[in-house]
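Let me begin by presenting the structure, written as structure tokens, before commenting on it.
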Amino acid sequence: MPRNRRTVLACRPGVNGEPRPENFRTEDCGYPVVQDGKVLAKTLFLSVDPYMRCRMNEDTGSHYLSPWQLDHACEGGGVGVVIDSKHKDFHPGDYVETWVWPWQEYSQVSPEGLRKLDPTLFGSRLSLALGALGMPGATALVGIRERGHVTPGANQTFVVSGAAGACGSLAGQIARLEGAANIVGICGSEEKCRLLMEELGFDHAVNYRTDNVADRLKEACPRGVDSYFDNVGGEISETVIKQMNEGSHVILCGQISVYNKDVPYPPPLPQEVTDILKERNITRERFLIMNYLDKFEESGIQLAKWIQEGKLKVKETVVEGIEKTGEAFVSMMKGGNVGKMIVHVADP
Ligand code: NDP
């Protein structure tokens, strides 16, 4: 039997603490025996995502997410290959994905929510199931279509924060494909700004760590902001909202700048910003991709088509080895990724 290892939650960072690699531990574990109705799979790729930060707390503060248990394998998005099956719909050799994949090299996975990967969409790039053709891609596309009000020919300015990350790097490109005229990305390094401008076709890039965000936005958005894809919240988003137009739209995707703070979601805004939203009739409803599962298939087909046509570029940062999963998560939370942060665990 092959050796088996898993990455467990070793200790919690505390609701106001930054996650650290020491919060995780990788250890040997037993090799699973597949039970009736279940599937035994070898893990190929794991996803680390910002929402996992609340699963590190005892209380996630969210009705749809349960806390990770101490000394148990963490779980999240994963891709693997079936090596044994006692379920009629899955067979050895099938490539599969689920949102509740254990951080473990070989595991028994439950068929509920297990999705077979269509080779015509993924080709040999199975990790796309965790990024552009998975939850982040769907979030970017459905978020824009449901909340962005992007109208071709309307000369709109679209701003995205967290712009070099998994959702953000796609959102800026998708907004262009959907018809926005001026695409502006906000992110945390010069390297990321260059990527946005030189590779991903953004018109302007703002480095929030070194630039005066308000001044740079004024230059980049002379006609004001029509849609804002908000991945980060906090001061950056307050600055953007102050430059938004009458009747414009915030796609309230995430608020990563406060994920290490014990505040409700979405966190309360300063009165001045709340007043602006009201006076200018700016929409800002919470967006949650889990509420649009019926749009997943259709959005995957659209995104795959754009990728195949060369219209949508996909960036990934790949970390090697299950023992690095915790570090990959911690690094992503601090901006160590360009595009989707992925852990490569094994080849098929
Ligand atoms: P990313 O790939 O964008 O990784 C997170 C990025 O956040 C980092 O790379 C870092 O980039 C940036 N960041 C970290 N801390 C801060 C900070 N204090 N201020 C500004 N930027 C910061 O992650 P995802 O694309 O997976 O997720 C992006 C957002 O979308 C998150 O808020 C997430 O919760 C949300 N989300 C929401 C979904 C929904 O259904 N609503 C679904 C999926 C994601 P940098 O170097 O630029 O700082």
key: Accessible area of the chain belonging to carbon and sulfur atoms, whole % at 1.4 Å probe   = 49 percent
task = First obtain the Kirkwood hydrodynamic radius of the stretch 135-290 from its Cα pairs, then insert it into the Stokes-Einstein equation at 10 °C and 1.306 mPa s, and state the resulting D in µm² per second as a whole number.
result = 105 µm²/s
request  = Take the chain, connect every pair of alpha-carbon atoms lying under 10 Å apart with a spring to form a Gaussian network, then pick out the residue of Leu130, Leu293, Leu40 with the largest mean-square fluctuation.
outcome  = Leu293
key: Area projected by the alpha carbon convex hull of the stretch 41-162, averaged over all directions, nm²   = 10.2 nm²
request  = Mind scanning Lys218/Lys295; Lys42/Lys324; Lys295/Lys340; Lys86/Lys295; Lys261/Lys295; Lys261/Lys313 and naming the pairs with a C-alpha gap bigger than 25 Å?
outcome  = Lys218/Lys295; Lys86/Lys295; Lys261/Lys295; Lys261/Lys313
ask   = Can you list the trypsin sites (Lys or Arg not before Pro) in the stretch 36-141 that are in a DSSP coil and have 16 or fewer other beta carbons within 10 angstrom?
value = Lys86, Lys88, Arg125
note = Note to self: Kirkwood Rh of the stretch 206-252, Cα pairs, one decimal, Å, is 10.9 Å
ask   = Using the eigenvalues of the Cα gyration tensor, what equivalent ellipsoid semi-axes result for the stretch 208-348 when each is taken as the square root of five times the eigenvalue, whole Å, largest first?
value = 31, 20, 17
note = If unit charges are put on Cβ atoms (+1 for Lys and Arg, -1 for Asp and Glu) and the dipole of the stretch 135-290 is taken about its Cα centre, the option from Ile183, Pro222, Gly148 lying farthest towards the positive end turns out to be Gly148
task = Grab the eigenvalues of the alpha-carbon gyration tensor for the chain, scale each by 5, take roots, and send me the semi-axes largest first in whole angstrom.
result = 36, 22, 17
key: Compactness of the stretch 42-90, expressed as Rg and Dmax over alpha-carbon positions, Å   = 13.9, 37
query = Taking N as the number of residues in the stretch 237-297, what value does Rg over Cα atoms divided by 2.2 N^0.38 Å take?
reply = 1.27
Under DSSP loop assignment and at most 12 Cβ neighbours within 10 Å, longest GluC sites (Glu not before Pro)-free interval of the chain = 113-284
inquiry  = Tell me the per residue accessible area of the chain using a 1.4 Å probe; a whole number in Å² is fine.
reply    = 44 Å²
request  = Divide by every residue of the chain the summed helix terms, -39500 (n - 2.57) for each DSSP H run of at least 4, and state the resulting mean residue ellipticity at 222 nm, rounded to the nearest 500 deg cm²/dmol.
outcome  = -6500 deg cm²/dmol
key: Beta bridges by DSSP in the chain, antiparallel share as percent, to the nearest 5   = 55 percent
request  = With r as the distance between the Cβ atoms of Glu22 and Asp59 and R0 = 22 Å, compute the FRET efficiency 1/(1 + (r/R0)^6) and round to 0.05.
outcome  = 0.55
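The values are calculated or read from the model by the stated rules, or taken from the named source; none is laboratory data. In this text the structure is predicted, and so the values were computed from the model without any measurement. All Cβ positions, glycine included, derive from the backbone under ideal geometry; neighbour counts span all protein chains shown. When the accessible area is computed, the model is the full protein with side chains, heavy atoms only, and any ligands, DNA or RNA have been set aside. Shrake-Rupley method; radii C 1.70, N 1.55, O 1.52, S 1.80 Å.
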